[in-house]
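Some notes on the structure that comes next.
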Amino acid sequence: MTGAGEQLAGRYELQELLGQGGMAKVYRAYDHDLGRQVAVKILEPRLRDDPDAIERFRDEARRVAGLVHRNLVTVIDRGTAGRDEFIVLELVPGETLKELVRRRGSLLPNEAVAIALDIAAGLGAAHERGLVHRDVKPHNVLLHTSGVAKVTDFGVAGSGASGGRLFGTCDYLSPEQVRGEELDARADVYALGAVLYEILSGSVVFPGTTFDEVAVRHATEVAPNVRVRRPAVSLELSAVVARALEKSPSRRFATMAEFAAALRSCPEAADEDTLESVTAPSRRLRIDWAIALLSAGVVAAIGVIVAVLASGGSDLPGGGTTVVIGRTSPIVATGAYDPYGDNDEHASSAGLATDGDAATAWQTSHYTFPNGGLGKPGVGLVIDAGSTVALRRLIIVTPTPGFRAVIRVGDSPDAFEEDDSASFVATRTTTVELNGLRARYYLVWITAVPAAGVAKIAEVG
């Protein structure tokens, strides 16, 4: 049996077992031909007589051999020595992202965004070659001592359907993987969303005790808002995570480039110099580790509105200033607006939309009229900005998508202009462009509820 101290194919001297998984062992090795350290991945002996396993192992090398990118682990060689199937890879001095999270619990939001951008770049390069990774997880992300994140282990990668077999790790499975459907790049978008959720919060999206339990939750349950577990995450970033974790692929980012662009628009996205300082080994992400095992294996539930002011200094595009959610926010929900009803509409719970707790929510009354009707023109939530401001946009995230609404403005909480130009049908994450609409009071005026008969808003910023 091949092991440390042996020489493989007359060239690779195996020096140290770095890790092992269900299909392979990975060794640190010395390449005598080129005089360098490499990583050698060797198929498990018990799989030597399994034609499917051998073919998948060989396919991994063939698929990745043509991929050269700073955020992908490079395949150097592939071969057979006796009965041993092996792949030779770039040796990355560092640890896996999973090991880093285990040590620290969670990462600073700007660190998490910097790493996610690296992962997105590597996966984007693979997608351009028609490869869907299918098993994106922190275990398959190596963090180089230079601070660069590299994606590895394309052992279950492919270009489409999985032939009815379920590959991947349950904590990061997209709903379409669970259902055995055709896969495209958006399956990896979902998985990266799950990874980002975990490194921000220190917890997987859906904890569970069995593979089936977790897989079913990914297929059927809306992901909890990451701010519930990590309030320091900005509303912009939480909305990006929520979109990546949408159940329907059509509601997610279509490409990794689109995902990355959304991440760069978040307050946590640092400029290049800052990213270098965040990930440099001499600073926050100092790494002095061994390479990790390359293993192959098988949102928002609450409503959020973030207001972006048109004036003031910021690193956001357009020079806007983000109003951060919390008890000290200058924008507060002061009450409900129900001029055609009893002037109540759960007015006493309006403050739940600005209590800093994303698990609580203001909601409308329950309506049973046909087609989502209310039996009156509408009801709404009043937002007080404290003084006259010019909002560029409102970002609305809701657990009750499908309600119809419009943003109206006024100089008092009792009278609003009937201008329906800023109307929308709510999705889980909706950006309403206001283009600097000036007012002190803003009204989310709901004109139709979804099939459940109620609309909810949990946080207003």
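Among the numbered criteria (1) part of a helix (DSSP H, G or I); (2) more than 12 Å from the chain's Cα centre (by Cα); (3) under 24 Å from SER106 (Cα atoms); (4) among the acidic types (Asp, Glu), which single criterion is violated by ASP188?
(2)
Would you point out which residue out of LEU34, LEU67, LEU18, LEU43 is surrounded by fewer than 16 Cβ atoms within 10 Å (Cβ to Cβ) and either in contact with a His (Cβ under 8 Å, 6 or more places away or on another chain) or not charged (D, E, K, R) (or both)?
Values: LEU67 fails: surrounded by fewer than 16 Cβ atoms within 10 Å (Cβ to Cβ); LEU18 fails: surrounded by fewer than 16 Cβ atoms within 10 Å (Cβ to Cβ); LEU43 fails: surrounded by fewer than 16 Cβ atoms within 10 Å (Cβ to Cβ).
Exactly one residue qualifies, and that residue is LEU34.
Scan the stretch 45-60 and report the pairs whose first residue is aromatic (Phe, Trp, Tyr) and whose second residue is surrounded by 12 or more Cβ atoms within 10 Å (Cβ to Cβ), with Cβ atoms within less than 6 Å and a gap of 6+ or a chain change.
PHE57/LEU43; PHE57/GLU85
Any idea how many residues of the stretch 442-461 are part of a strand (DSSP E or B), modelled with pLDDT of 90 or more and within 16 Å of ALA347 (Cα to Cα)?
6
Quick check: is even one residue across the stretch 403-426 modelled with pLDDT under 90, in the same structural domain as GLU345 (by the TED database) and within 18 Å of THR360 (Cα to Cα)?
Within the stretch 403-426, none of the residues are modelled with pLDDT under 90, in the same structural domain as GLU345 (by the TED database) and within 18 Å of THR360 (Cα to Cα).
Run ALA232 past the list (1) farther than 23 Å from ALA126 by Cα; (2) surrounded by fewer than 18 Cβ atoms within 10 Å (Cβ to Cβ); (3) modelled with pLDDT of 95 or more and report the number of the one that doesn't hold.
Result: ALA232 fails condition (3) only.
The values are calculated or read from the model by the stated rules, or taken from the named source; none is laboratory data. Small disclaimer: the values here were computed from a predicted structure and weren't measured. Methodologically, a virtual Cβ is constructed for each residue, glycine included, from the backbone with ideal geometry; neighbour enumeration extends over all protein chains shown.
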